[in-house]
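Only one structure is covered here, and it is reproduced in the block below.
Bear in mind that the values in this text are calculations on the coordinates, not laboratory data. Just so you know, these numbers come straight off a predicted model, no measurement behind them. Here Cβ is always computed from backbone atoms with ideal geometry, including for glycine, and neighbour counts include all displayed protein chains.
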């Protein structure tokens, strides 16, 4: 039998551990759709929305340094390859 | 005459079990062509492929993105590059003497297994045909390199035995050396 189990990523921000689900096909499709339609000024907002759909609270995401936010996104999308 | 049901696959997606059709070579070739025709959304072609095999859309879009690729690779029996092209069919037809109809109706996984075996069978034949005359103009390092490449190909179809280092095994190794 072919079997798959869900993955959860953990990262620590200033000593506090946060969990993020691995993105599903639907999450990726939705994110690609909104990224295509939105301009650059909205991109952080869309990224935060994307991470929120994976379980990261918006206030945590908005409080993160910009490069840390992209590190988390890169890590998740790296897993998606 | 009743139509014979094709082979099935059981898939456990995060605790939900689905019974789906195992794809044939024709299904795989259609998927290949859909993939090359879809410029933007490759995932849509993958969703269409899995839906045709009987997996509900809800289950497909709920898959983690990398699991979607892994599932397709598993169903097609191809773990590196998914390729079901005309030349592969031609090579299989010429090597095994099978007809086009027989090959396209074959389970994709089985097709891939037979396709991968061609290199091994040809390499095994090559090893049997090596003669002293083949080696006379080659220096030892080159001979070694060629033989090792052909030998590796010839053995590529045999699964490697995994040795698990249990406490008992380690003890028996230590006892033997003492």
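General observations
- Among the residues of B:21-30, the average count of other protein chain beta-carbon atoms within 10 Å of the residue beta-carbon is 0.
- Distance between the pseudo-spin-label points of residue B:119 and residue A:2 (7 Å out from Cα toward the beta carbon): 2.2 nm.
- Taking 0.36 nm per residue of separation and subtracting the current Cα-Cα distance, fully stretching the chain between residue B:176 and residue B:33 would add 45.6 nm.
- Percentage relative contact order, chain B, counting C-alpha pairs under 8 Å, at least six apart: 19
- Taking every DSSP helix (H) stretch of at least 4 residues in the protein assembly as shown, weighting each as -39,500 (n - 2.57) and dividing the sum by the residue count yields a mean residue ellipticity at 222 nm of -18000 deg cm²/dmol.
- Between residue B:139 and residue B:70, the distance separating the two model label sites (each 7 Å from Cα on the Cα→Cβ line) works out to 4.7 nm.
- Pairs of Cα atoms nearer than 8 Å and 6+ residues apart set the relative contact order; for the stretch B:34-125 it is 20 percent.
- Sites residue A:12 and residue B:126, calculated FRET efficiency, Cβ-Cβ separation with R0 45 Å, nearest 0.05: 0.20
- Taking chain A and dividing mean pair separation by its residue count, relative contact order in percent (alpha carbons under 8 Å, at least six apart): 26
- Chain A shape via C-alpha gyration tensor axes, a/c threshold 1.5: oblate
- Here the simple spin-label model places points 7 Å from the Cα toward Cβ, and for residue A:67 and residue B:110 these points are separated by 5.6 nm.
- Gained length - residue B:152 relative to residue B:102, 0.36 nm times residue gap less alpha-carbon distance: 15.0 nm
- In terms of its C-alpha gyration tensor, chain B has an oblate overall shape, because the principal axis ratio a/c (a ≥ b ≥ c, square roots of the eigenvalues) is not below 1.5 and a/b does not outweigh b/c.
- FRET E, pair residue A:36, residue B:163, Förster distance 41 Å, beta-carbon r, rounded to 0.05: 0.20
- Shielding by partners, peptide B:32-38 (average Cβ within 10 angstrom, other chains): 0
- Per-residue mean of C-beta atoms belonging to partner chains within 10 Å, peptide A:16-27: 4
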